[in-house]
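The values are calculated or read from the model by the stated rules, or taken from the named source; none is laboratory data. Computed from a prediction, not measured in an experiment: that's the story for all the values here. Every residue, glycine as well, gets a Cβ built from its backbone with ideal geometry; the counts of neighbours run over all protein chains shown. Keep in mind that these areas ignore ligands, DNA and RNA; they rest on the heavy atoms of the full protein, side chains included. Shrake-Rupley method; radii C 1.70, N 1.55, O 1.52, S 1.80 Å.
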Amino acid sequence: MLIRPFFSWILLCGIILAAMSGCDVRFKAEAVLSQYLTDLNRSALLSLTPEAKVMPVSLPTSRYRQQALTQFDIGLLDFLSLQQCDVGFVAGQKNSILGKVMPDSQRFLYELDIIRAIESCEITDAALSKELAAVAEQKREELPKALGNAVFNGAESEAFFSLSNGFIPLTFSTAEQQELLSSLTRLVDIGLNVQSLPAVPHSVFEEDLKVLMNSEYAGRLLYSLAQLTRYLELVGKGVAALDTQVCGAPMTYLKQQFEVHYVQSIQPYMGRINQSAYQVLPLLNQLADLSSPLSKDMAVFLDQFSLTHADSVWRRYQAASQYHARQWSDLFGRCAVSIYPND
């Protein structure tokens, strides 16, 4: 009688341990950063108190990131007159029960199909031909919006941009993101050639969006950059406030912490993040440009990833990294201490 409860208890413990292990992986980078502060604070000359965690702007809700597209309604008589073309078939798919609730990814592919069908259909009725030509022209203008909806408004984007997944793992390698780069490259190629109405395989398109979702990359990057910026700025300000009384024994200790925590652990981690971001962000930013005009809220959110905007999360992180390194370098210079262990 006691066997089943015992095994249930074992199973419960296993689930709890797995969950805790997952959290440890997601936030292990923060533990490394926190230990950097803790050990620096062991010096009587430093008192570094972390400020409240500053979070980046979150992904807007679907209501504030989806772009409205015009609807194409075809009357019964027109529908019957178009049965010799693909227009009637494609329009019929959209007007079906499933078509009325198709996700944004499928809606984008439908837009390509209906434009292609209209423009390849020979219509003898002059009025109907003119009406459909206007529909095709309008839909061509909306293709960037439709692509933006497909990439940025689905469940895939919510996982890709989520801030709740924590840091990029400490052991992350750019070798792990080749699938993501391939998917982003294909999506960018679609955007670059969208006016040519590329034949996009449904399965490939959906799989590329799934790759984005499974990677959770963009949200992890944004979260990591924001927290690294917070710690780097704090340490940089603390080091900048030190004067020459730190030279000597106190400096020996601080240099040791700089090497153990920053040089050996944090700096290589930042190097992997930088290498990764310089591969992904140009593609992500290009994809955003090809999907414009975006909604105001979505544009503000994506600006955080900009490599050029002065106030982006990426640029603030770069500035914090340079500031942190410069303050340590200046301190070593004031104390005539070499940062190279063999000198």
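What pairs can you find where one residue is in region 225-252 and among the charged types (D, E, K, R), the other is open to solvent by 40 Å² or more (accessible area, probe 1.4 Å) and modelled with pLDDT of 95 or more, and their Cβ atoms are less than 6 Å apart, with a gap of 6+ or different chains?
Sorted first by the residue in region 225-252, then by its partner, the list stays empty.
Tally time: how many residues in region 156-175 are in a helix (DSSP H, G or I) and surrounded by 14 or more Cβ atoms within 10 Å (Cβ to Cβ)?
Residues of region 156-175 in a helix (DSSP H, G or I): 156-160, 174-175.
When the remaining residues are screened for being surrounded by 14 or more Cβ atoms within 10 Å (Cβ to Cβ), the result is 156-160, 174.
Final tally of qualifying residues: 6.
Being over 14 Å from the mean Cα position of the chain (by Cα) and β-branched (Val, Ile, Thr) is the filter here, so list the residues in region 259-311 that pass it.
VAL260, VAL263, ILE266, THR308 - these are the residues of region 259-311 that are over 14 Å from the mean Cα position of the chain (by Cα) and β-branched (Val, Ile, Thr).
Taking region 238-249 only, how many residues are under 25 Å from MET270 (Cα atoms) and assigned to a helix (DSSP H, G or I)?
So the answer is 3.
If I go through region 271-284 residue by residue, how many of them are among the hydroxyl-bearing types (Ser, Thr, Tyr) and surrounded by 19 or more Cβ atoms within 10 Å (Cβ to Cβ)?
As a first pass, look at region 271-284 and keep what is among the hydroxyl-bearing types (Ser, Thr, Tyr): 276, 278.
From what's left, surrounded by 19 or more Cβ atoms within 10 Å (Cβ to Cβ): 276.
Final tally of qualifying residues: 1.
Which ones in region 129-151 are open to solvent by 10 Å² or more (accessible area, probe 1.4 Å) and not basic (Lys, Arg)?
Scanning region 129-151 gives SER129, GLU131, ALA133, ALA134, VAL135, GLU137, GLN138, GLU141, GLU142, PRO144.
Kindly list the number of the only condition in (1) at pLDDT below 95; (2) out of contact with any Lys or Arg (no Cβ under 7 Å at 6 or more places or on another chain) that fails for HIS309.
(2)
Using the structure shown, decide if LEU40 is open to solvent by 60 Å² or more (accessible area, probe 1.4 Å) and either modelled with pLDDT of 90 or more or more than 26 Å from the chain's Cα centre (by Cα) (or both).
Details: open to solvent by 60 Å² or more (accessible area, probe 1.4 Å): no; either modelled with pLDDT of 90 or more or more than 26 Å from the chain's Cα centre (by Cα) (or both): yes.
No; evaluated as a whole, the condition is false for this residue.
Can you name the residue in region 103-123 that is open to solvent by 50 Å² or more (accessible area, probe 1.4 Å) and outside any helix (DSSP H, G or I) and is also modelled with the highest pLDDT among such residues?
Across region 103-123, the extreme among qualifying residues is PRO103.
It is to be established whether one or more residues within region 331-343 are closer than 23 Å to ASP39 by Cβ, outside any helix (DSSP H, G or I), open to solvent by less than 60 Å² (accessible area, probe 1.4 Å) and of a type in the set (S, T, N, Q).
yes
Do we find a residue being in a helix (DSSP H, G or I), open to solvent by 60 Å² or more (accessible area, probe 1.4 Å), modelled with pLDDT of 55 or more and not hydrophobic (A, V, I, L, M, F, W, C) anywhere in region 3-20?
No, every residue in region 3-20 fails to be in a helix (DSSP H, G or I), open to solvent by 60 Å² or more (accessible area, probe 1.4 Å), modelled with pLDDT of 55 or more and not hydrophobic (A, V, I, L, M, F, W, C).
Are any residues in region 26-67 farther than 28 Å from ALA240 by Cβ and either without any contact (Cβ under 8 Å) to a residue 40 or more places away in the chain or of a type in the set (D, E, K, R) (or both), and if so, which ones?
ARG26, LYS28, THR61, ARG63, ARG65
Limited to region 224-258, what total is found for residues that are at negative phi and over 31 Å from the mean Cα position of the chain (by Cα)? Explain how you work it out, then say what you get.
Residues of region 224-258 at negative phi: 224-247, 249-258.
With over 31 Å from the mean Cα position of the chain (by Cα) added as a condition, the list becomes 238-247, 249-257.
Total meeting the criteria: 19.
This table checks each residue for (1) open to solvent by less than 20 Å² (accessible area, probe 1.4 Å); (2) part of a helix (DSSP H, G or I); (3) of a type outside the set (D, E, K, R); (4) under 21 Å from ALA150 (Cβ atoms).
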| position | (1), (2), (3), (4) |
| --- | --- |
| ASP189 | no, yes, no, yes |
| GLN195 | no, yes, yes, yes |
| LEU212 | yes, yes, yes, yes |
| ARG220 | no, yes, no, no |
| GLN227 | yes, yes, yes, no |
| GLY236 | yes, yes, yes, no |
| MET251 | yes, yes, yes, no |
| ILE266 | yes, yes, yes, no |
| TYR269 | yes, yes, yes, no |
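Please work out which residue is modelled with the lowest pLDDT, limiting yourself to region 70-102 and to residues that are among the charged types (D, E, K, R) and within 37 Å of the chain's Cα centre (by Cα). Explain how you work it out, then say what you get.
Initially, region 70-102 is screened for residues among the charged types (D, E, K, R), giving 73, 78, 86, 94, 100.
Filter once more, keeping what is within 37 Å of the chain's Cα centre (by Cα): 73, 94, 100.
Numbers: ASP73: 66, LYS94: 63, LYS100: 56.
Taking the candidates together, the pick is LYS100.
Would you be able to tell me the number of residues in region 301-326 that are among the small types (Gly, Ala, Ser), open to solvent by 50 Å² or more (accessible area, probe 1.4 Å) and assigned to a helix (DSSP H, G or I)?
Counting residues in region 301-326 that are among the small types (Gly, Ala, Ser), open to solvent by 50 Å² or more (accessible area, probe 1.4 Å) and assigned to a helix (DSSP H, G or I) gives 1.
I'd like the residue in region 43-65 that is hydroxyl-bearing (Ser, Thr, Tyr) and within 19 Å of THR229 (Cα to Cα) and, out of all such residues, is surrounded by the most Cβ atoms within 10 Å (Cβ to Cβ).
Filtering region 43-65 down to residues hydroxyl-bearing (Ser, Thr, Tyr) leaves 43, 47, 49, 58, 61-62, 64.
This time we only want the ones that are within 19 Å of THR229 (Cα to Cα), so: 47, 49, 58.
Numbers: SER47: 11, THR49: 8, SER58: 13.
Checking each candidate, the answer is SER58.
Evaluate region 314-327: report whether one residue or more is at pLDDT below 95 and farther than 30 Å from ALA68 by Cα. Give the steps one after another, and end with the answer.
Of the residues in region 314-327, the ones at pLDDT below 95 are none.
Within region 314-327, none of the residues are at pLDDT below 95 and farther than 30 Å from ALA68 by Cα.
So is LEU287 open to solvent by less than 20 Å² (accessible area, probe 1.4 Å) and at pLDDT 95 or above or not? Write out each step before concluding.
Numbers: open to solvent by less than 20 Å² (accessible area, probe 1.4 Å): yes; at pLDDT 95 or above: yes.
Criteria met by LEU287.
Quick check on MET298: is it closer than 19 Å to ALA159 by Cβ and open to solvent by 10 Å² or more (accessible area, probe 1.4 Å)? Quick ask: steps written out before the conclusion?
Values: closer than 19 Å to ALA159 by Cβ: yes; open to solvent by 10 Å² or more (accessible area, probe 1.4 Å): no.
So MET298 does not fit the description; no.
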